[in-house]
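Comments concern the structure below.
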Amino acid sequence: MKDIRNKFFRAKPSKVTGTVHEESEISSLFTVHRLPGHYFNMVGIETTDNVLFIADSLFGKPILEKYGIPFIYDVRGYIRTIESIMSRKMNYYVPSHADITTDIREIAQLNMDAVKRIEDFIVSILQEAKNYDVILKTVCDEYDLQLDYAQYALVGSTIRSFLSCLYNEGMIQSEFVDNILYWKS
């Protein structure tokens, strides 16, 4: 949509000068770690002096309080990434959406709690069958979010990711009725 064709959604292209493979060493100074969940093919960079740049894999408290629902395309991948980051003993962690820290556990737990809260809420509202639009509205009302086109794209995609995950794990069911997909726990 023209309303989301902006610098936030369409960054300037960058020139690719080489390909980095997952869990590989770039040089003797850097190691690449796969960080699935938030976005496709996201990676973090670990330095030999024990600093881990974790990109957009975790969100700080101000971001979580402001938006409530972080963008997640793979819910279980996101959880695995949080667990992986928490298991690494680093001198510093450098997230994109939080302050640099020597202890990532609090930020990681806030993100785990956010995922659990969203998941539990979606399951709870599906005691009665609902279609996607009603689910999205109900979640946004709960989180006091006012959608614009950008939030519709981001939050909407995240809610679909949760529905897919919950469905794949057998926690909810789906059914087409008169060409409308309904979800139910």
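The values are calculated or read from the model by the stated rules, or taken from the named source; none is laboratory data. Here the structure is a predicted model, which is why all the values come from computation and not from measurement. Heads up, the Cβs are rebuilt from the backbone with ideal geometry, glycines too, and the neighbour counts pull from every protein chain shown. Side chains included, ligands, DNA and RNA excluded: accessible areas come from the protein's heavy atoms. Shrake-Rupley method; radii C 1.70, N 1.55, O 1.52, S 1.80 Å.
For (1) surrounded by 15 or more Cβ atoms within 10 Å (Cβ to Cβ); (2) closer than 20 Å to GLU65 by Cβ; (3) touching a Gly at 6+ places or on another chain (Cβ under 6 Å); (4) not aromatic (Phe, Trp, Tyr), each residue gets a yes or a no:
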| residue | (1), (2), (3), (4) |
| --- | --- |
| ARG105 | no, yes, no, yes |
| ALA108 | yes, yes, no, yes |
| ASP144 | no, yes, no, yes |
| VAL155 | yes, yes, no, yes |
| ASP178 | no, no, no, yes |
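Residues of region 111-131 that are more than 12 Å from the chain's Cα centre (by Cα) and either crowded, with 20+ Cβ neighbours inside 10 Å or farther than 18 Å from ASP74 by Cα (or both): ILE122, SER124, ILE125, LEU126, GLN127, GLU128, ALA129, LYS130, ASN131.
Within region 173-185, residues that are within 15 Å of ASP133 (Cα to Cα) and touching a residue at least 12 places away in the same chain (Cβ under 8 Å) sit with their Cβ atoms under 6 Å from residues that are open to solvent by 60 Å² or more (accessible area, probe 1.4 Å) and of a type outside the set (Ser, Thr, Tyr), at 6+ positions apart or across chains, in these pairs: TYR182/GLU175; LYS184/GLN173.
When region 35-55 is examined, which residues are found to be in contact with a Gly (Cβ under 6 Å, 6 or more places away or on another chain) and either free of Cβ contacts under 8 Å to residues at least 12 places away in the same chain or more than 20 Å from ASP99 (Cβ to Cβ) (or both)? Of everything in region 35-55, those that are in contact with a Gly (Cβ under 6 Å, 6 or more places away or on another chain) and either free of Cβ contacts under 8 Å to residues at least 12 places away in the same chain or more than 20 Å from ASP99 (Cβ to Cβ) (or both) turn out to be PRO36, GLY37.
Where strands (runs of 3 or more DSSP E) fall wholly inside region 81-185, the ranges with 1 or more residues that are more than 30 Å from LEU52 (Cβ to Cβ) and at pLDDT 95 or above are 173-177, 180-184. Just so you know, in region 163-173 the residues that are over 14 Å from ILE125 (Cα atoms) and either in contact with a strand residue (DSSP E or B) (Cβ under 9 Å, 6 or more places away or on another chain) or not hydrophobic (A, V, I, L, M, F, W, C) (or both) include one that is most open to solvent (accessible area, probe 1.4 Å), and it is ASN168.
Filtering region 92-101 for residues that are surrounded by fewer than 13 Cβ atoms within 10 Å (Cβ to Cβ), over 28 Å from ASN168 (Cβ atoms) and free of Cβ contacts under 8 Å to residues at least 12 places away in the same chain leaves a non-empty set.
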